[in-house]
1. Kindly provide the set of residues from region 110-128 that are of a type in the set (Val, Ile, Thr) and closer than 17 Å to Leu63 by Cβ, ordered by number.
2. Determine if region 144-164 includes at least one residue that is closer than 25 Å to Val77 by Cα, surrounded by fewer than 21 Cβ atoms within 10 Å (Cβ to Cβ), among the charged types (D, E, K, R) and out of contact with any helix residue (DSSP H, G or I) (no Cβ under 8 Å at 6 or more places or on another chain).
3. I need the full set of residues from region 187-209 which are farther than 12 Å from Gln239 by Cα and hydroxyl-bearing (Ser, Thr, Tyr), in order please.
4. Given region 37-125, what strands (runs of 3 or more DSSP E) lie entirely inside it while holding 3 or more residues that are within 30 Å of Ala262 (Cα to Cα) and within 20 Å of the chain's Cα centre (by Cα)?
5. Residues in region 185-200: is at least one in contact with a His (Cβ under 6 Å, 6 or more places away or on another chain) and in a loop (DSSP other than H, G, I, E, B)?
6. Name the residue that is modelled with the lowest pLDDT, counting only residues in region 234-282 that are among the β-branched types (Val, Ile, Thr) and more than 15 Å from Glu202 (Cα to Cα).
7. If we scan region 105-125, do we find a residue that is in contact with a Pro (Cβ under 8 Å, 6 or more places away or on another chain) and either buried (at least 17 other Cβ atoms within 10 Å of the Cβ) or acidic (Asp, Glu) (or both)?
Amino acid sequence: MSKKLFLLVLIFSLAVFLTASRSSKAEVTLTSFGSLVLPETSAWVNLGIAISEGAEGEWDRYLWGGFAESLVKKHGVYYLYYQGSSSFSDTCNDNTYRQIGVATSTDGINWTKYAGNPVITWTDQGAVTEGAVSSGAVLGADGNIYLYYGANSAYDQCLVHAAGRLAQSSDGINFTDVGEVIHNASPLWGFGDEIFPVGVYENGGSWNVFYIPNGVSKYANKKLGVITGSSLTGLDPNQSRGVNGGLPAWGPVSIVSDSSAAYAFVNDPATNRPVKVYSFAPGFPSSMTLRKTYVFSDCMQASVLYEPEMSRWLMLCRDVPDNAFYRVKVAPVVFATPSPTGGPVPTIGPSSTSSPKSTPPSSSPTPWPTGTK
C-alpha cells in the first residue's frame, strides 16, 4: 500500500470512529433510559419561589383544595397549569370556585402568571364547590397542548361528583373544551363518585390517562387507575384498571417515557407526602415497579420534567405547610458508566426511601367533601 493511500485509509477510519463516538454519546445522553440514574433526595436543589397565591378576592387566593398541577414545555417555553380558588366556604368547609390557571417561563425558574387567568373554568349547577380540580397535560405530536381535567358537578350545594373532561390549546393559553371523555360509570375502574385525571402520555398511537377515584369506591379510593384508548377522546372504560391493583396516589402524576421505557412520578397520600418514582413498560401502564422514594420537608404534590438537553430534572411543588406558593427544584441528569468488564449497564437504582383561609387542614388529605348520590 502506498504511503498516500495509507494516509487516506487512516483519515477515513479516524473519521468513522469519531462519528460513531459522537452518535453513541448523543444516544446515551438523549434516549438511553437504561443507564439513567435517578437523583438522590440531596441532589435536588431549591431555587426559590415560582408563583405565590393571589391577593384577597383574586381567583387564585388559595392554591390548595385540589391538584390541578401539570408541567409542559413547548418550543422553549414552560407552562405550569395550576389550581386556584377565590374563597373559602365555612358552610361547606371547603374551597370555592376552583379553576385552572397558567404561569409561563422561559427558563423554568422565573415564572409569570398569565394576566387573563383562569384559562380553564367549569361549572354545572352553579354550586360553590364546583370547578376544575385536577389536571394531566401533554404536548401532542401536532404541537397542541392537551389537558385532561377533573370537573366537579354538584348534587347538593356542598357535595359533588366528578368526571374527566378534555381541553385543548394551540398556544398553551386559549383552550377549547372538547367535552367529557372519562365517564364516571360502570365499567370504569373506580367508578361511583369522583374521577380526577392527573397524568397522560401517548405511546404508539395509544393514549393513556392516569386518574384517581375518590369517594364511595372503597377498593379504589385514593388509588391510581389508568384508562387507555386509540385516540384522545376514544378512551375505553373496558381498558381501565387499577395500577398494581390500586397504587396509593393523591396528586399529579408526571410521566417520562420513550418507546421502550417509562417512569412515573407519583404523589403518595402518606403523612410524610412522599414522591415515589416507578418504572413501567409503556405498553403496560397498570404494572409498575418502585425505584425511588423522595421525601421533602418543604414541599408536596410535585410535578416533574426531564430535560436531557439541559442535563437537568425540573420540579415544581407546593410548599409545606402553608401551600401559599410553588417552589422550584432542580437536579442534575446523570447516566451510569458502562461496566469496564463488558457487563450490563446498571438501571435506575433501588427504592429509598394560617387560618383555614390560608392553610388546609392537616388531619386529612381530602380536599373535597364527598357523599353518595
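1. Thr112, Val119, Ile120, Thr121 - these are the residues of region 110-128 that are of a type in the set (Val, Ile, Thr) and closer than 17 Å to Leu63 by Cβ.
2. No: region 144-164 contains no residue that is closer than 25 Å to Val77 by Cα, surrounded by fewer than 21 Cβ atoms within 10 Å (Cβ to Cβ), among the charged types (D, E, K, R) and out of contact with any helix residue (DSSP H, G or I) (no Cβ under 8 Å at 6 or more places or on another chain).
3. Taking region 187-209 as the starting set, the residues that turn out to be farther than 12 Å from Gln239 by Cα are 190-205.
Listed by number, the list holds a single entry, Tyr201.
4. On the way: elements: 45-52, 69-74, 77-84, 87-89, 94-96, 99-105.
Output list reads 45-52, 69-74, 77-84, 99-105.
5. Within region 185-200, one or more residues are in contact with a His (Cβ under 6 Å, 6 or more places away or on another chain) and in a loop (DSSP other than H, G, I, E, B).
6. Among residues in region 234-282 that are among the β-branched types (Val, Ile, Thr) and more than 15 Å from Glu202 (Cα to Cα), the one modelled with the lowest pLDDT is Thr271.
7. Within region 105-125, the subset in contact with a Pro (Cβ under 8 Å, 6 or more places away or on another chain) is none.
No; the residues of region 105-125 include none that is in contact with a Pro (Cβ under 8 Å, 6 or more places away or on another chain) and either buried (at least 17 other Cβ atoms within 10 Å of the Cβ) or acidic (Asp, Glu) (or both).
Results for (1) farther than 16 Å from Glu307 by Cβ; (2) surrounded by 14 or more Cβ atoms within 10 Å (Cβ to Cβ); (3) out of contact with any Gly (no Cβ under 6 Å at 6 or more places or on another chain); (4) not β-branched (Val, Ile, Thr), shown as yes or no for each residue.
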{"site": "Val72", "(1), (2), (3), (4)": "no, yes, yes, no"}
{"site": "Tyr78", "(1), (2), (3), (4)": "no, yes, no, yes"}
{"site": "Gln83", "(1), (2), (3), (4)": "yes, yes, no, yes"}
{"site": "Ser87", "(1), (2), (3), (4)": "yes, yes, yes, yes"}
{"site": "Asp94", "(1), (2), (3), (4)": "yes, yes, yes, yes"}
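The values are calculated or read from the model by the stated rules, or taken from the named source; none is laboratory data. Please read all numbers here as calculations on a predicted model, not as lab measurements. Heads up, the Cβs are rebuilt from the backbone with ideal geometry, glycines too, and the neighbour counts pull from every protein chain shown.
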